[in-house]
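Participant: Handing you a structure now.
Laboratory data are not the source of any read-out in this text; all were calculated from the coordinates shown. On a predicted model such as this, the values are computed, not experimentally measured, just so you know. Positions of Cβ are backbone-derived with ideal geometry, glycine not excepted, and every protein chain shown enters the neighbour counts.
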Amino acid sequence: MTVNATTLPGVEATCGNCEACCCRLKVMLITDTGVPDKFIEIDQWGGRSMALLEDGWCSALDRNTMRCMIYEKRPWVCREFEMGEYDCISERAANLQGVLIESLRVSTTP
Ligand code: SF4
Ligand code: SF4
């Protein structure tokens, strides 16, 4: 099943009605914006990225408020990711698709 991001019903895409969909993406650290080390993961080649926790979301996301805990120091990639633009809409659609599939799976499990 696919959900076409361009034909979703007319719900305005704002961070206030989103479960921080984009904070599940891999965020590479390209510049130094002051992200605390505890949120950083370093791969075998020395590449630095925001660490994701087991639930799939960024380690710097407050799970109670679903807001960024390091907003003033957030990575460049996060600053460039614009609410309401194509990538934002696509992530929201992908998340909605996952939620629908999971709810179908639960409702059809005997
Ligand atoms: S930028 Fe878009 S995908 Fe990210 S939290 Fe805001 S509405 Fe959700
Ligand atoms: S650093 Fe903040 S804005 Fe960027 S992915 Fe993590 S929680 Fe989201």
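Participant: Which condition does residue 70 not pass, out of (1) within 16 Å of ligand 1 (Cβ to nearest atom); (2) closer than 24 Å to residue 93 by Cα; (3) touching a residue at least 12 places away in the same chain (Cβ under 8 Å), if it passes all the others?
Facilitator: (2)
Participant: For residue 49, are the conditions met, namely being away from ligand 1 (no atom under 12 Å from the Cβ), polar (S, T, N, Q) and in contact (Cβ under 8 Å) with a residue 12 or more places away in the chain?
Facilitator: Values: away from ligand 1 (no atom under 12 Å from the Cβ): yes; polar (S, T, N, Q): yes; in contact (Cβ under 8 Å) with a residue 12 or more places away in the chain: yes.
So residue 49 fits the description; yes.
Participant: Continuing with this model, one more query. Is it true that some residue in segment 37-47 is surrounded by 10 or more Cβ atoms within 10 Å (Cβ to Cβ) and within 11 Å of ligand 2 (Cβ to nearest atom)? Don't jump to the end; show me each part of the working.
Facilitator: Step one: of segment 37-47, the residues surrounded by 10 or more Cβ atoms within 10 Å (Cβ to Cβ) are 39-42, 47.
After this cut, where a residue has to be within 11 Å of ligand 2 (Cβ to nearest atom) as well, the list is 39-40.
So far as segment 37-47 goes, yes, one or more of its residues are surrounded by 10 or more Cβ atoms within 10 Å (Cβ to Cβ) and within 11 Å of ligand 2 (Cβ to nearest atom).
Participant: Within segment 69-106, track down each residue that is touching a Pro at 6+ places or on another chain (Cβ under 8 Å) and assigned to a helix (DSSP H, G or I). Give the derivation first.
Facilitator: First pass over segment 69-106, keeping only residues touching a Pro at 6+ places or on another chain (Cβ under 8 Å): 70, 73.
Within segment 69-106, 73 is the sole residue that qualifies.
Participant: Hey, among the residues in segment 69-103 that are β-branched (Val, Ile, Thr) and either more than 15 Å from ligand 2 (Cβ to nearest atom) or touching a Leu at 6+ places or on another chain (Cβ under 6 Å) (or both), which one's farthest from residue 14 (Cα to Cα)?
Facilitator: Kept after step one, since they are β-branched (Val, Ile, Thr), are these residues of segment 69-103: 70, 77, 89, 99, 101.
Checking which are either more than 15 Å from ligand 2 (Cβ to nearest atom) or touching a Leu at 6+ places or on another chain (Cβ under 6 Å) (or both) leaves us with 89, 99, 101.
Working: 89: 10, 99: 18, 101: 23 Å.
This residue is 101.
Participant: Is it true that some residue in segment 11-29 is away from ligand 1 (no atom under 11 Å from the Cβ), without any contact (Cβ under 8 Å) to a residue 60 or more places away in the chain and polar (S, T, N, Q)?
Facilitator: Step one: filter segment 11-29 for residues away from ligand 1 (no atom under 11 Å from the Cβ), giving 26-29.
Adding the requirement that they be without any contact (Cβ under 8 Å) to a residue 60 or more places away in the chain leaves 26-29.
Next, only the ones that are polar (S, T, N, Q) stay: none.
Scanning segment 11-29, I find no residue that is away from ligand 1 (no atom under 11 Å from the Cβ), without any contact (Cβ under 8 Å) to a residue 60 or more places away in the chain and polar (S, T, N, Q), so the answer is no.
Participant: When you scan segment 35-68, how many residues do you find that are in contact with a Leu (Cβ under 8 Å, 6 or more places away or on another chain) and either in a loop (DSSP other than H, G, I, E, B) or more than 12 Å from residue 24 (Cβ to Cβ) (or both)?
Facilitator: At the first step, the residues of segment 35-68 found to be in contact with a Leu (Cβ under 8 Å, 6 or more places away or on another chain) are 35, 40-41, 48-50, 58-59, 67-68.
With either in a loop (DSSP other than H, G, I, E, B) or more than 12 Å from residue 24 (Cβ to Cβ) (or both) added as a condition, the list becomes 35, 40-41, 48-49, 59, 67-68.
The number of residues fulfilling the criteria is 8.
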